[in-house]
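Contents: one structure, followed by commentary.
The values are calculated or read from the model by the stated rules, or taken from the named source; none is laboratory data. Please read these numbers as outputs of a predicted model, since none were measured by experiment. Here Cβ is always computed from backbone atoms with ideal geometry, including for glycine, and neighbour counts include all displayed protein chains.
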Amino acid sequence: MAAADIAVALDRARSILAKRPGAGLHDDAEGVASWAGGTRIVASHPDGRRVETDMPTELGGTGDQVSPGWLVRAGVASCAATCIAMVAARSGVELQALEVRVTSRSDTRGVLGMADEDGVPVRSAPRDLTMSVRIAAPGVPAQRLRALVEEGRRVAPMSALVQGATPMTVAIEIGAA
């Protein structure tokens, strides 16, 4: 879809939500992860799409699928890229290139439930995330492109999820297979 078409769709959505703000609140598509044996998991979308994950061989997996952690980084990157593209389209900027990379650094001891040398449990979450953005648009000043990136990153839901403390309710159901 061309930037102008995206801008029209976004302006239409903004107009509707300005008149009826409550229409913006909705339940997101449920993500379901089902155990497929070993450390292999099949994540499925309500429309039937599926993604398999597995752990690397060092952690008992086969290593032939992406890890759940990679899906998180890819999700943060693709969400930010999407939002940057949307902000650019609304601003009338035709992008020539956009690539977002998200890297992290983790301590495997955390996922294994281990403690550090002082006996403090090692955090299983990544210690840090780094987002690198490469963007190009003919004739658009670098300062404007930086502003588009910052605005897109600011409104990206997955960036907000990993940067803030979104509450999670956990319900456990015990039953037969």
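Figures for the structure shown
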| read-out | value |
| --- | --- |
| Leu161 vs. criteria surrounded by 12 or more Cβ atoms within 10 Å (Cβ to Cβ) and hydrophobic (A, V, I, L, M, F, W, C) | yes |
| Extreme residue, farthest from Ala3 (Cα to Cα), among residues of region 106-126 that are without any contact (Cβ under 8 Å) to a residue 40 or more places away in the chain and part of a helix (DSSP H, G or I) | Arg109 |
| Residue satisfying condition, being aliphatic (A, V, I, L, M), touching a residue at least 40 places away in the same chain (Cβ under 8 Å) and touching a Pro at 6+ places or on another chain (Cβ under 9 Å), within set Val76, Val87, Val72 | Val72 |
| Condition met for Gly110 (within 20 Å of Pro68 (Cβ to Cβ), modelled with pLDDT of 95 or more, small (Gly, Ala, Ser) and within 24 Å of the chain's Cα centre (by Cα)) | yes |
| Test: Glu151 is in contact with a helix residue (DSSP H, G or I) (Cβ under 8 Å, 6 or more places away or on another chain), in a helix (DSSP H, G or I), among the acidic types (Asp, Glu) and more than 24 Å from Ser67 (Cα to Cα) | yes |
| Region 127-148, residues that are surrounded by 14 or more Cβ atoms within 10 Å (Cβ to Cβ) and part of a loop (DSSP other than H, G, I, E, B) | Ala137, Val140 |
| Boolean, Ala115 is more than 28 Å from Ala137 (Cα to Cα) and modelled with pLDDT of 95 or more | yes |
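Conditions tested, residue by residue: (1) in contact with a strand residue (DSSP E or B) (Cβ under 9 Å, 6 or more places away or on another chain); (2) within 23 Å of Val162 (Cα to Cα); (3) hydrophobic (A, V, I, L, M, F, W, C).
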| position | (1), (2), (3) |
| --- | --- |
| Thr53 | yes, yes, no |
| Thr62 | no, no, no |
| Val66 | yes, yes, yes |
| Trp70 | yes, yes, yes |
| Ala89 | no, no, yes |
| Glu94 | no, no, no |
| Ala97 | yes, no, yes |
| Leu112 | no, yes, yes |
| Pro121 | yes, yes, no |
